[in-house]
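The structure appears below as structure tokens.
The values are calculated or read from the model by the stated rules, or taken from the named source; none is laboratory data. Since the model is a prediction, treat every value here as computed from it, not as a measurement. Every residue, glycine as well, gets a Cβ built from its backbone with ideal geometry; the counts of neighbours run over all protein chains shown. The protein model used for the area step is the full one, side chains on, heavy atoms only, and it has no ligands, DNA or RNA in it. Shrake-Rupley method; radii C 1.70, N 1.55, O 1.52, S 1.80 Å.
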Amino acid sequence: MDLRIVDVFSDYLRDTKQLLISDVDAFEDKINALAPDMIEECYLLVKAIKSGIYDMILFNHLVDKKVLIDYFVDKEEVNQEEAVFCIGVIEQSLNQVVLNMSIMNIEEIKQNALDNQILYQIKMIALAYYEGEGVNQDFEEAFQLFSYLGNHGDQDVYSYLGYMLEHGLGVEEDIVAAIDYYEKGCLLQD
């Protein structure tokens, strides 16, 4: 495995001035053109983006490395060494890129994710608004997206909804509704 892919990927992120990669096919074409002698490394990066690993690392929201590795190995049928390498490349590339880089096309990405019901992308966008990562922090938008996810079967967002309702973040404070979400989460062992 060639670690030069870190610089290639970092340059790609800087040149596009985007941290979210919504068009995987365009990314694949571009990264292959930038690193024609690193086919395996490019292939792994594309798999990481398709599987959601890149987004999970980008928003780094309490995701354990072991969980990421196991998920990548199971989801994309890569071996553990390839998974560790790819996750390390993504982390190093993101560390090289300015952390406050703005996600310029967030509305376009959000609309595409909603239109196509790409739940993991919607969750990453909700987390971006919640944390203020790459966009202006917007609790109201985060709450709407978390609610959408909750209504579409993503039970992992109940803790966010409960916390936001409890503290009045982006929505009027409502302790009763907050407790309801906390209870739903507890029943699901969240």
Next item on the list: Scan the range 170-187 for residues that are part of a loop (DSSP other than H, G, I, E, B) and open to solvent by less than 80 Å² (accessible area, probe 1.4 Å) and report the count.
Entry: 3
Notebook entry, point to check: residue 134 is checked against (1) within 28 Å of residue 15 (Cα to Cα); (2) in a helix (DSSP H, G or I); (3) open to solvent by less than 40 Å² (accessible area, probe 1.4 Å) and fails just one. What number does that condition carry?
Noted result: (2)
Checklist line | Selection from the range 2-33 of residues that are outside any helix (DSSP H, G or I), in contact (Cβ under 8 Å) with a residue 60 or more places away in the chain and either hydroxyl-bearing (Ser, Thr, Tyr) or loosely packed, with under 15 Cβ neighbours inside 10 Å (or both) | finding: 3, 17, 22
Check: Got a number for residues in the range 137-153 being at pLDDT below 90 and either in a helix (DSSP H, G or I) or among the polar types (S, T, N, Q) (or both)?
Finding: 1
Next item on the list: With respect to residue 124, determine if the residue is closer than 30 Å to residue 18 by Cβ and touching a Gly at 6+ places or on another chain (Cβ under 7 Å).
Entry: no
Next item on the list: Looking only at the range 153-169, decide whether some residue is within 17 Å of residue 52 (Cα to Cα) and surrounded by fewer than 21 Cβ atoms within 10 Å (Cβ to Cβ).
Entry: yes
Margin query: Out of everything in the range 1-34 that is among the hydroxyl-bearing types (Ser, Thr, Tyr) and farther than 16 Å from residue 51 by Cα, what residue ends up being modelled with the lowest pLDDT?
Written below: 16
Item checked: Those residues of the range 8-22 which are farther than 20 Å from residue 75 by Cα and not polar (S, T, N, Q), in sequence order -> 8, 9, 11, 12, 13, 14, 15, 17, 19, 20
Next item on the list: Of all residues in the range 98-111, count the ones that are at pLDDT 85 or above and surrounded by fewer than 20 Cβ atoms within 10 Å (Cβ to Cβ).
Entry: 1
